[in-house]
Amino acid sequence: MTSPGDNATEEDDIQLPPANVLIVDDTPENLVALEVVLEDVECNLVTAQSGNEALSKMLKDDFALVLLDVQMPEMDGFEVAEIMRSNKRTANVPIIFVTAYSREDRNVRRGYETGAVDYLFKPIDPTALHSKVNFFLQLDMQKRRLEAKLARSRQSREQMFAAYGEKGGTDSQE
């Protein structure tokens, strides 16, 4: 039987790379400002200047969080969020809308209806942004640790079955 301390040691030896956070804004100055605010957060900050560029990056890499501007040319943030939610790879990536756009209830409601977990208005409070980003990075780290532990457990099970000459198929009692 293991104690809670033993689990912490097991988790500590799982080395995971820093998570990616995608910042999407069509205004380069806004991208730089958000990067400066988040420069001391332990993550990889990735930027995109359009909805299409953001969607392309999300198909190539995994992201723990997307900070998404609402008002952009060609494809606004609401459209990006709708496309994200319709794609299996990006459907569960948390979205925080970051905008100077309207504070009207209907626009905020639309943000939540398209899948946002939060809605922040510019100018951004750096402390609030840090807190929210860190929260989602912690959730992502927990998820990735659980996935790594599950993969490790499956590998151990397959090795055990291989060592005893049994097939590693599914067990009817699981």
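The values are calculated or read from the model by the stated rules, or taken from the named source; none is laboratory data. Keep in mind it's a predicted model, so treat the numbers as computed, not measured. So basically every Cβ, Gly included, is an ideal-geometry build from the backbone, and we count neighbours across all protein chains shown. Ligands, DNA and RNA are stripped out before the accessible areas are found, and what is left, the full protein with its side chains, is counted by its heavy atoms. Shrake-Rupley method; radii C 1.70, N 1.55, O 1.52, S 1.80 Å.
I'd like the full set of residues that are in a strand (DSSP E or B) and within 15 Å of the chain's Cα centre (by Cα), limited to segment 110-156.
Correct list: Ala116, Val117, Asp118.
Let's see how each residue does on (1) open to solvent by 40 Å² or more (accessible area, probe 1.4 Å); (2) touching a Pro at 6+ places or on another chain (Cβ under 6 Å); (3) under 21 Å from Glu104 (Cβ atoms):
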| position | (1), (2), (3) |
| --- | --- |
| Leu45 | yes, no, no |
| Gln49 | yes, no, no |
| Asn52 | yes, no, no |
| Leu55 | no, no, no |
| Lys60 | yes, no, no |
| Leu65 | no, yes, no |
| Leu68 | no, no, yes |
| Gly77 | no, no, yes |
| Glu82 | yes, no, yes |
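What helices (runs of 4 or more DSSP H), lying completely within segment 27-106, carry at least 2 residues that are farther than 24 Å from Ser131 by Cβ?
51-60, 77-86
Which is at pLDDT below 95 and of a type in the set (A, V, I, L, M), of Ile95, Ile124?
Numbers: Ile95 fails: at pLDDT below 95.
After ruling out the rest, the residue left standing is Ile124.
Take Asp61 and decide whether it is at pLDDT 95 or above, under 14 Å from the mean Cα position of the chain (by Cα) and under 28 Å from Asp40 (Cα atoms).
On the way: at pLDDT 95 or above: yes; under 14 Å from the mean Cα position of the chain (by Cα): yes; under 28 Å from Asp40 (Cα atoms): yes.
It is true that Asp61 is at pLDDT 95 or above, under 14 Å from the mean Cα position of the chain (by Cα) and under 28 Å from Asp40 (Cα atoms).
Checking the conditions here, which among Pro73, Pro94, Pro126 is open to solvent by 40 Å² or more (accessible area, probe 1.4 Å), in contact (Cβ under 8 Å) with a residue 24 or more places away in the chain and in contact with a helix residue (DSSP H, G or I) (Cβ under 8 Å, 6 or more places away or on another chain)?
Pro126
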